[in-house]
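Peer 1: Dropping the structure in here first, questions after.
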Amino acid sequence: MKYKRVLLKLSGEALAGDDHFGINANTVADIARQIKEAKDLGVEIAIVCGGGNIWRGVTGAQMGMERSSADYMGMLATVMNGLAVQNALEQLGIQTRLLSAIEMRQIAEPYIRRRAVRHLEKGRIVIFGAGTGSPYFTTDTTAALRAAEINADVILMAKNGVDGVYSADPKLDESAVKFDEISYSDVLAKDLKVMDQTAITLCKDNDIDLCVFNMQEDGNIAKACDGQKIGTTISGGK
């Protein structure tokens, strides 16, 4: 395998499937099956779930909520998604641990970096919940931060129906060009909406590759772990 340890970023929307809101049980079960295929190849896998299928902090702020409170609600949504993914994986016989950046001992272990690494070394899938534990940071930034902390080789950004990074939105611009490979510097210079700039800068500074691919194509998670040419690879650190 090209990568020994990966961090898989799942958007909340991916867990909603065709429902576009909430958690679709069949979709989560299918995602878990694809994750198991990758796990069976011998890859150490950590997961960060988004929460946009349940709540977005930015949306709450636009409604007039205090931003910090709205963001904390979003963090709780990521824990709910993490529990759903954990349950689906354990039904397939995979040992998992859900680690939360906000302490909630009854349902998740507190996030401790050394503990997370030890779980990975023991062959467990680690799911990171509650974002960074602080408001004003996205789950994209969480993915970049956790990947750096656990020394992941790559971040796998699983997209819902999007097969890579384009020069513009392919749904709005027919002339949009897909990149097979691109550097972080070019992503920042072209202002491509791959991740927020904080996350991109974290990946660039820590020399972590990023693979953006369509998770709706069966087997793509395992292919991405194997380093096969799917989607778009972003690299180029310091």
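Peer 1: Can you give me the number of residues within region 207-227 that are farther than 11 Å from LEU156 by Cβ and without any contact (Cβ under 8 Å) to a residue 60 or more places away in the chain?
Peer 2: 4
Peer 1: Does region 170-180 hold any residues that are surrounded by fewer than 12 Cβ atoms within 10 Å (Cβ to Cβ) and either closer than 19 Å to ILE230 by Cβ or in contact (Cβ under 8 Å) with a residue 24 or more places away in the chain (or both), and which are they? Walk me through how you get there before you give the answer.
Peer 2: Within region 170-180, the subset surrounded by fewer than 12 Cβ atoms within 10 Å (Cβ to Cβ) is 171-175, 177, 180.
The answer is VAL177, ASP180.
Peer 1: Let me ask something additional. With region 124-238 as the region, which helices (runs of 4 or more DSSP H) entirely inside it contain at least 1 residues that are within 15 Å of the chain's Cα centre (by Cα)?
Peer 2: 139-149, 197-205, 220-225
Peer 1: So which of ALA224, ALA199 is surrounded by 14 or more Cβ atoms within 10 Å (Cβ to Cβ) and touching a Cys at 6+ places or on another chain (Cβ under 7 Å)?
Peer 2: Every option except ALA224 fails the conditions.
Peer 1: Please verify whether LEU41 is closer than 20 Å to SER134 by Cα and not in a helix (DSSP H, G or I), treating the condition exactly as stated.
Peer 2: So LEU41 does not fit the description; no.
Peer 1: Check ALA84 against each of (1) touching a helix residue (DSSP H, G or I) at 6+ places or on another chain (Cβ under 6 Å); (2) in a loop (DSSP other than H, G, I, E, B) and name the one condition it does not meet.
Peer 2: (2)
Peer 1: Residues in region 87-118 that are more than 15 Å from ARG146 (Cβ to Cβ), in a helix (DSSP H, G or I) and among the hydrophobic types (A, V, I, L, M, F, W, C): how many?
Peer 2: Going through region 87-118 one residue at a time, the tally reaches 2.
Read-outs: derived from the displayed coordinates by stated rules, not from any lab. What you are looking at is a predicted structure, and each value in this text was computed from that prediction instead of being measured. For neighbour counting, all protein chains shown are included, and Cβ atoms are generated from backbone atoms with ideal geometry for every residue, glycine included.
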